[in-house]
DNA sequence: AATCTTATTGACAATCATTATCAACAAGAC
DNA sequence: GTCTTGTTGATAATGATTGTCAATAAGATT
């Protein structure tokens, strides 16, 4: 096999910045953060790097309720999230029970090649008070 | 209380067309269907009508994996969906077990005012074969 | 270290869904 | 019928994401 991937400071920068972020962030946000720190990275590159990370399983992606793609660094294990809609605080939740349930339901109806979207949005303790 | 809403043939058309549709449809799709049937309804109006229906609880909305907003006529009961990513076929699924689980998890972490996104995408029996 | 190949970058244009604007229109009250 | 004002629809505006492509640079090869 050939040399398919090259290491660039841009990819590292995105990966690192994603790791620094608390909750889920959009590509746009991440780009602005990087620029604010003096980086000259391009927006398209951030999108590409995030997409690659997500494909490689080093990042998790989901759609925010208003349609933006959000990313977050994560380990390899599949899991789901409890997300504060106000401050972006994210709690990883174990969803093995729901996983099993989803697969079961899908099989039951003859569906294959399934993916699921299971996320809970709410207001965390802190943000509940400040309303 | 004052007269806040007016009945127009446009709203009826959207509601009716949504009812006719099998699975989830985008506003764009619905607009094209309506135009194809000879209606002169405007795209913006379809968006507004769908948004209103969703607010009123007469329609259910969700984000497709590629970021589009999809709508579907539905009763008032809260439920979730198993959706064919190829043909849009939709199966309503009873998710009471998952509902309970979601609430429990949220409470456990001090989250309030929660909403959740629980949807399963896959290939239905028919579309699995035609690949 | 010099060179070569080609994956990658970044500025910018192109898409695409959705929302905002606003003058013209029409539903329903009087 | 008239009047008020919610509603419509053509169009522009927005905003996120993706495509384009010449210039750049990573890493293999010499």
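Numbers at a glance
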item: Extreme residue, surrounded by the most Cβ atoms within 10 Å (Cβ to Cβ), among residues of region B:85-106 that are in a strand (DSSP E or B) and facing chain A (nearest Cβ under 7 Å); result: B:93
item: Yes/no for residue A:41 being at pLDDT 80 or above and either under 21 Å from residue B:105 (Cα atoms) or within 7 Å of chain B (Cβ to nearest Cβ) (or both); result: no
item: So residue B:71, is it closer than 23 Å to residue A:111 by Cβ and either part of a strand (DSSP E or B) or within 11 Å of DNA strand D (Cβ to nearest atom) (or both); result: yes
item: Those residues of region B:20-49 which are more than 16 Å from residue B:9 (Cα to Cα), within 13 Å of DNA strand D (Cβ to nearest atom) and buried (at least 17 other Cβ atoms within 10 Å of the Cβ), in sequence order; result: B:27
item: Residues within region A:107-119 that are over 14 Å from the mean Cα position of the chain (by Cα) and within 7 Å of another protein chain (Cβ to nearest Cβ), tallied; result: 8
item: Filter result for residue A:5 (more than 9 Å from DNA strand C (Cβ to nearest atom), more than 14 Å from chain B (Cβ to nearest Cβ) and modelled with pLDDT under 90); result: no
item: Residue within region B:84-99 that is under 25 Å from residue A:69 (Cα atoms), more than 16 Å from DNA strand D (Cβ to nearest atom) and modelled with pLDDT of 85 or more present; result: no
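The values are calculated or read from the model by the stated rules, or taken from the named source; none is laboratory data. Note that the coordinates shown come from a computational prediction; the quantities given were computed from them, not determined experimentally. Please note: Cβ atoms are built from the backbone with ideal geometry, for glycine as well, and neighbour counts cover all protein chains shown.
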